[in-house]
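Inspection log for the structure reproduced underneath, given as structure tokens.
The values are calculated or read from the model by the stated rules, or taken from the named source; none is laboratory data. Being a predicted model, the structure only gives us computed values, none of them experimental. Because the Cβ atoms are built from the backbone with ideal geometry, glycine has one as well, and the counts that use them run over all protein chains shown.
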Amino acid sequence: MVGVSLLGLLSVVAPVRTWTAQQSDLGALRADVQAREERVSDLQRQADRWDDPAYVGAQARERLHYLQPGETGYRVVDAPPAPAQTAPAPSPSAAPSPSGLDRLWQVLGGRDDEDGGDGVDPVEGAP
């Protein structure tokens, strides 16, 4: 008799567990459907607004910068952005020392600076 009672109890527990899980899923699905219906109604309200010529005109003015005949449009131009901060230029006293090739060129009598290294300013247009 105990075996038959246990068998009857087990045969009832499995369907009850399944029914409980299905009820939980059903509640989640109902909440999802409600949220989607609200979204659809919001989108429908937005679509209905486009049937109003005043709304269409306001959107054209705002988004496309359209004007009515006889109106004067103004465009405000912002100041250019400030230049990005750069590293400060090295001071002349902290000029880098010349490289080995530069020193060799100076020793061999080459020009070591813009004016030829002789202290005389060059003449413009001279060969």
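Residues that are polar (S, T, N, Q) and modelled with pLDDT of 95 or more occur at least once in region 31-42.
Is it true that some residue in region 96-112 is among the charged types (D, E, K, R), assigned to a loop (DSSP other than H, G, I, E, B) and either at pLDDT 75 or above or farther than 30 Å from Pro53 by Cα (or both)? Yes, region 96-112 has at least one match.
Looking only at residues in region 46-89 that are exposed (fewer than 10 other Cβ atoms within 10 Å of the Cβ), assigned to a helix (DSSP H, G or I) and among the hydrophobic types (A, V, I, L, M, F, W, C), the one that is farthest from the chain's Cα centre (by Cα) is Ala54.
Evaluate region 48-64: report whether one residue or more is of a type in the set (Phe, Trp, Tyr) and touching a helix residue (DSSP H, G or I) at 6+ places or on another chain (Cβ under 9 Å). Yes, that holds for at least one residue.
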